[in-house]
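The values are calculated or read from the model by the stated rules, or taken from the named source; none is laboratory data. Keep in mind that what you see is a predicted model, and the values were worked out from it rather than measured. Neighbour counts are summed over all protein chains in view; Cβ atoms, including those assigned to glycine, are modelled from backbone coordinates with ideal geometry.
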Amino acid sequence: MINADRIQGIVVLGFGITLLVWLVPTYVTAVPGNPLDPSLFPRAAGWLISGLGLAQIVLARPGGSVPAGKEFFGFVCFIVALGVAALLLPLLGFLPIACGLMIASLVLLRERRPLWAATTLIAVPFFVWFLFTVVLSRSLS
């Protein structure tokens, strides 16, 4: 019988390959006259996701179990939150959506350290916004 960790690795690897083969080439367009390729970061993410999925397939230990219903429900809720965030991004902008997704991530991961949670909630979205908007002059909306 196949290990649940390997199944998860296959799903993650599949998403990474989908990102590299279909999503980035279809939805990321080049900007004429700009030397920095806009597909650089999404392609790097696709390779990283694919590599981590492959590592999970190869390094899975025997005895991995299927997550409990409560954990699976939390995961499904997070996927729904990602879909809602994608729909609301053009209306609300990057920072409110990113902060909302960070809250959903912290709840899903059951983070209980207030300082770590607050730092993550504030630092990650603002760093991403600063990197893309200020440093690279790219819109995130």
Residue check for LEU54: touching a residue at least 40 places away in the same chain (Cβ under 8 Å) and outside the structural domain of ALA104 (by TED's automatic domain parsing)
yes
For THR119, state whether it is closer than 19 Å to PRO38 by Cα, assigned to a helix (DSSP H, G or I), outside the structural domain of PHE41 (by TED's automatic domain parsing) and among the hydroxyl-bearing types (Ser, Thr, Tyr).
no
Residue that is surrounded by the most Cβ atoms within 10 Å (Cβ to Cβ) [pool: residues in the stretch 13-51 that are outside any helix (DSSP H, G or I) and touching a residue at least 40 places away in the same chain (Cβ under 8 Å)]
PRO38
Tell me whether the stretch 88-110 contains one or more residues that are exposed (fewer than 15 other Cβ atoms within 10 Å of the Cβ) and polar (S, T, N, Q).
no
Failed item, numbered, when LEU54 is tested on (1) under 24 Å from VAL128 (Cα atoms); (2) modelled with pLDDT of 95 or more
(1)
In the stretch 123-141, how many are outside any loop (DSSP other than H, G, I, E, B) and either more than 17 Å from ILE103 (Cβ to Cβ) or among the aromatic types (Phe, Trp, Tyr) (or both)?
9
Among ALA45, ALA60, the single one that is of a type in the set (Gly, Ala, Ser) and in contact with a helix residue (DSSP H, G or I) (Cβ under 6 Å, 6 or more places away or on another chain) is ALA60
Would you be able to say whether some residue in the stretch 79-95 is outside any helix (DSSP H, G or I), closer than 24 Å to THR120 by Cα and of a type outside the set (Lys, Arg)?
yes
Tell me yes or no: at least one residue of the stretch 59-66 is part of a helix (DSSP H, G or I) and of a type in the set (A, V, I, L, M, F, W, C).
yes
Being on the phi > 0 side of the Ramachandran plot and surrounded by 12 or more Cβ atoms within 10 Å (Cβ to Cβ) is the filter here, so list the residues in the stretch 52-84 that pass it.
none
